[in-house]
Structure formats: C-alpha cells, structure tokens
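Report on the structure given below.
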Amino acid sequence: MASSYSFLFLHMLVMFFLASIAFSDLSDDFYDDICPQALPTIRRVVEDAVRQERRMGASLLRLHFHDCFVNGCDASILLDQTATIDSEKTARPNNNSARGFEVIDRIKSEVDKVCGRPVVSCADILAVAARDSVVALHGPTWEVELGRRDSTTASRTTANNDIPTPLMDLPALIDNFKKQGLDEEDLVALSGGHTLGFSQCSTFRNRIYNENNNIDSTFASQRQANCPRSGGDSNLASLDPTPALFDSKYFTNLVSKKGLLHSDQALFSGGETDELVKTYSTNLRTFSKDFAKSMIKMGNIKLLTGNQGQIRVDCRKVN
C-alpha cells in the first residue's frame, strides 16, 4: 500500500514538474532581448487594420479564439490545405467566415523585417493581435505571456467537434468550455467578446423565426428584415448595438432577450449563468477585468513551447 502511495505521489510530482516547465517557457518579456520592436510592430499593424475596417478587430479576436479551441493556441488555424495538412479553414465554424488572415500575413512580414529573421511565432502573433484589437476598440488590456511555438499539423475534424456552435444550449456550452479547462465565468466573460463584430444570417435564422419564448418580438422582426427564411445566408447583423466598441451592451441585450445567437441567449435563460450576465450588464469594469483574466487563461491552452513545434517562416504553411 505504501509503495502505491509513493508511486502516485511521484507521478503527481512529475506531472506538476512538466506543467511548470511548459509555463516557465512563457514570459511577457520573451522578445525584449531578441527583438524589442516585435510587440510595437504588431500593435501598429493591428491599429492600422482596425482603422481601415473596424470589423477587423472582432475578426482577429475570433481567430485567436478558434485557434485555441482546436488542440491549443498553436496557430493551426492559419495553415492552408495541402496533401498533408487538413486545414481548419474549411471546417464548419470557419468556412467563409474566419477572416483576417491577410492582416496576420502582414504582421508576420513586418515583424520578421524588424527582427531580421523569423523569431516571433504565428501563435504569439495571434495572441497579441487579439489583445491589441480589443484595446483598439476601447477595451481592456492585459499582459500576454509569450513564447508559444507553432504547430506542424491542423485538424478540420477537431475544429468541427471542439469549436462551440451558435446552436448550443447552456449545458453544452459549459461542457464545451470545461473540455478546454475553462469554467462558467470564463464562458460568460469570453462570450462577451460578442460585444464586437457581426454574425451571418445562417447562424441566427432559426432563432429569429422559430424561438418565440426567449426572444424579443420586435428584435426578431428587425433581424428578419435582413435575414429571409431562405437565401441571404451571408447577410450580416451586429452581435450587439455597438459592434465596433467594447462595452457591456451585449449583456444588456441578453437581459432584454435580444441575444442574436441561440448560444448567446442561452447564457441568460433561467440557468446558472444568469446572475453573472446581470452583473456584467451593469458593470463594465467587472466585465472588462474578468474578460482580460479569461483571455489570459484561454491563451494558455495546450501550448507548444521550448523545442516543441517550430517558428514558421510563413504562417500559412509548415517550414
């Protein structure tokens, strides 16, 4: 019996040691010595892209989210289809909706130019660009731990299975986030990223035509004007009333039964997340603080660090 306890203790010690190694490879000053202009360059390109198209901020935030939920934050979402790469770009959650790839290409080019060589990973670029996009739209900032490495594989199947869908109800959303090591507070806070951006008609059509009990009737009628029962799948509607401003109106909408997606309204539907939605709807400071905390947590999912993976020369393909 004593030997089995010793073995269990040793196993736990080894696992803790390995986890510590992974996180010790990350630091917020990772590039300070090897390329001090890396982060200012990322910020400059992001700010320029958002200035040209305000919607781009939400698109870059979404890229980071969809990357991290598929085998970790490793830039697998950026890989194009090849004979050996099953690109995530054609997965259902990303196909004809994930965007901002050209901005990431531009960031990579500019950063490699100022650094003199490819030293900044595409995964770190995604994480920093997401943060800088939120800041550019008047949201909170946070320290991004750096030192991620890029994957050499992608998985369309995992993207289809693990990225939450707009049709999920609350139990499914909780289970989906739990699989990534994220709790209910993370679920609500990160869903608040929908304070920015737009969604396509095909993702909310069923809600505005068939959900009568948990949707404001005037809101549904307004959305139907630009989202017919058939056709117009790519027509856009804003996820909250101010899609280019980081605020708490996304949550105010939920309390008023004006969530655009079924998965949005599921957060305020008589379940265990109702109180947090109410809190965020009236307290932007609390939401902003929790959003930043959850973004850091999400940005640390299943990382490649140290000698794992690679630093891609081109974010769209393996070296």
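Output yes when any residue across the stretch 89-104 is within 26 Å of Asp175 (Cα to Cα), free of Cβ contacts under 8 Å to residues at least 24 places away in the same chain and charged (D, E, K, R), and no when none is. Checking the stretch 89-104: at least one residue is within 26 Å of Asp175 (Cα to Cα), free of Cβ contacts under 8 Å to residues at least 24 places away in the same chain and charged (D, E, K, R). Of the numbered criteria (1) touching a strand residue (DSSP E or B) at 6+ places or on another chain (Cβ under 7 Å); (2) among the acidic types (Asp, Glu); (3) closer than 18 Å to Met295 by Cβ, the one Glu185 fails is (1). Residues that are under 17 Å from the mean Cα position of the chain (by Cα) and open to solvent by 60 Å² or more (accessible area, probe 1.4 Å) within the stretch 289-319 comprise Lys289, Lys293, Ile296, Lys297, Lys302, listed in sequence order. Scanning the stretch 269-319 for residues that are acidic (Asp, Glu), assigned to a helix (DSSP H, G or I) and touching a residue at least 24 places away in the same chain (Cβ under 8 Å) returns a single hit, Asp290. Read through the list (1) of a type outside the set (Ser, Thr, Tyr); (2) surrounded by fewer than 23 Cβ atoms within 10 Å (Cβ to Cβ); (3) part of a helix (DSSP H, G or I); (4) within 15 Å of the chain's Cα centre (by Cα), then give the number of the only condition that Arg106 fails. Just one mismatch for Arg106, condition (4).
Can Leu173 be described as under 18 Å from the mean Cα position of the chain (by Cα), touching a residue at least 12 places away in the same chain (Cβ under 8 Å), in a helix (DSSP H, G or I) and over 25 Å from Met56 (Cβ atoms)? Here the answer is yes, as Leu173 does meet what is asked.
Selection within the stretch 204-256: residues that are part of a strand (DSSP E or B) and under 21 Å from Thr165 (Cα atoms). The member of this set that is most open to solvent (accessible area, probe 1.4 Å) is Leu236. Restricting Ala172, Ala159 to residues that are at pLDDT 95 or above, over 24 Å from Asp25 (Cβ atoms), open to solvent by 20 Å² or more (accessible area, probe 1.4 Å) and among the small types (Gly, Ala, Ser) narrows the list to Ala172.
Restricting attention to the stretch 30-64, the residues that are touching a residue at least 24 places away in the same chain (Cβ under 8 Å) and either among the aromatic types (Phe, Trp, Tyr) or assigned to a loop (DSSP other than H, G, I, E, B) (or both) total 7. The residues of the stretch 188-243 that are within 17 Å of Met56 (Cβ to Cβ) and of a type in the set (Val, Ile, Thr), listed by number, are Thr195, Thr242.
Determine, yes or no, whether Leu182 is touching a residue at least 12 places away in the same chain (Cβ under 8 Å), part of a loop (DSSP other than H, G, I, E, B), open to solvent by 60 Å² or more (accessible area, probe 1.4 Å) and touching a helix residue (DSSP H, G or I) at 6+ places or on another chain (Cβ under 8 Å). So Leu182 does not fit the description; no. Of all residues being part of a loop (DSSP other than H, G, I, E, B) and open to solvent by less than 70 Å² (accessible area, probe 1.4 Å) in the stretch 1-27, which is modelled with the lowest pLDDT? Just the residue, please. If we take residues in the stretch 1-27 being part of a loop (DSSP other than H, G, I, E, B) and open to solvent by less than 70 Å² (accessible area, probe 1.4 Å), then Asp25 is modelled with the lowest pLDDT.
The values are calculated or read from the model by the stated rules, or taken from the named source; none is laboratory data. Being a predicted model, the structure only gives us computed values, none of them experimental. Note: ideal-geometry Cβ built from the backbone for every residue, glycine included; neighbour counts use all protein chains shown. Keep in mind that these areas ignore ligands, DNA and RNA; they rest on the heavy atoms of the full protein, side chains included. Shrake-Rupley method; radii C 1.70, N 1.55, O 1.52, S 1.80 Å.
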